[in-house]
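Q: Below is a structure I'd like to ask you about.
All of the numbers you see were taken from the coordinates with simple rules; none came from a lab. Bear in mind that the values here come from a model prediction, so they are computed numbers and not experimental data. Because the Cβ atoms are built from the backbone with ideal geometry, glycine has one as well, and the counts that use them run over all protein chains shown.
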């Protein structure tokens with residue numbers, strides 16, 4: 001988990017319009033990354049105004065990515081609703097400290113209580129496995145995860161949960177995700193309903209939810225009241241994604257150059273996917289943005305550890321060049337800080 005206090009105040013960036021070829025290739029590589037494959041065997045050709053041909057890094061270039069890992073510092077409450085419902089209190093390290101059996105007759109309470117003391121993503125998987133064993137998960141079963149926390153909490157994301165689930169469960173469920181408020185949770189408890197279901201019901205005006213309502217009922221009621229698909233409504237509630245790129249600085253110490261940048265809170269930017277950082281260089285600034293040489297790349301998920309610097313052992317081959325770090329998003333969008341660094 002990450003310390004969210006080091007977000008960028010402002011990113012000076014240039015957005016580059018991706019081609020269809022770039023989007024297809026990026027998504028293909030991201031799927032391969034999510035399947036835990038090794039680094040790509042070949043590097044793709046990226047195209048904009050001129051051909052971007054990514055090439056293997058020069059043999060003389062010694063590199064190292066430094067990675068940042070910070071513990072979560074805030075607490076939250078999560079719910080999982082299928083038709084039974086379970087709630088979890090989570091401490092500052094992302095560990096489940098208490099299991100709240102919202103529907104005590106649906107699943108084995110003794111089994112669920114043994115989940116205390118484990119990481120939340122593991123608990124989510126275990127709960128859904130127990131629900132499947134109990135007969136509550138069939139193909140295309142809707143599962144709603146709700147998050148209720150303060151603004152400073154770094155939430156577990158939808159894709160992070162999805163990636164942690166066992167393969168047979170991933171294939172059988174339709175995962176829905178909603179971020180609610182502490183006030184909504186309080187009201188839900190007063191009404192004796194799941195906080196997740198209550199927050200979902202509020203996507204439609206005058207929607208009614210009671211202790212007798214289940215997830216299927218609430219989804220049907222909201223879609224009927226709005227005339228819209230529930231996933232579209234949840235996407236609208238989440239808000240637009242904000243694209244950012246590393247804002248880089250350069251430090252040279254004898255024969256080593258270190259290009260560094262601040263931590264970026266991608267999840268606070270509403271981005272919940274894969275990011276590729278590409279280290280690029282060129283002889284001129286114009287060439288850096290039009291036809292750069294891609295030296296290396298690092299692939300990570302928005303919720304995962306992220307690199308914060310790149311170190312180069314200086315040689316004649318990498319001096320007298322401009323450098324930048326491109327951020328490539330899973331929809332093909334490329335963003336780069338407008339101020340590159342120059343290694344003399």
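Q: In square nanometres, what is the average projected area of the Cα convex hull of the stretch 157-303?
A: Taking a quarter of the hull surface, the average projection is 13.9 nm².
Q: I've got another one for you. To make sure I understand, if each residue's beta carbon is the centre and we count other beta carbons within 10 Å, what order do 200, 234, 215 fall in, fewest to most?
A: The order, fewest Cβ neighbours first, is 234, 215, 200.
Q: Additional query: Relative contact order for the stretch 202-312: what is it in percent, counting Cα pairs under 8 Å that are at least 6 residues apart?
A: Value for the stretch 202-312: 21 percent.
Q: Using a Förster distance of 22 angstrom, determine the FRET efficiency expected from the C-beta separation of residue 304 and residue 283, and round it to 0.05. Before the final figure, lay out each step's value.
A: Details: r = 34 Å, r/R0 = 1.54.
Result of the calculation: an efficiency of 0.05.
Q: Still on this model: How would you rank 201, 313, 194, 213, going from fewest to most other Cβ atoms within 10 Å of each one's own Cβ?
A: With the sparsest Cβ surroundings first, the list reads 313, 213, 201, 194.
Q: What ranking of 134, 211 emerges when the number of other C-beta atoms within 10 Å of each C-beta is taken as an exposure proxy, fewest first? Intermediate values should be presented prior to the final figure.
A: On the way: 134 14, 211 11.
Fewest-to-most Cβ neighbours within 10 Å comes out as 211, 134.
Q: Same structure again: In nm, give the distance between the simple-model label positions of residue 129 and residue 313, each being 7 Å from the Cα along the Cα-to-Cβ direction.
A: The modelled label-to-label distance comes out at 4.5 nm.
Q: Which distance in Å, rounded to a whole number, links the C-alpha centroids of the stretch 224-283 and the stretch 306-344?
A: The stretch 224-283 and the stretch 306-344 have Cα centres spaced 15 Å from each other.
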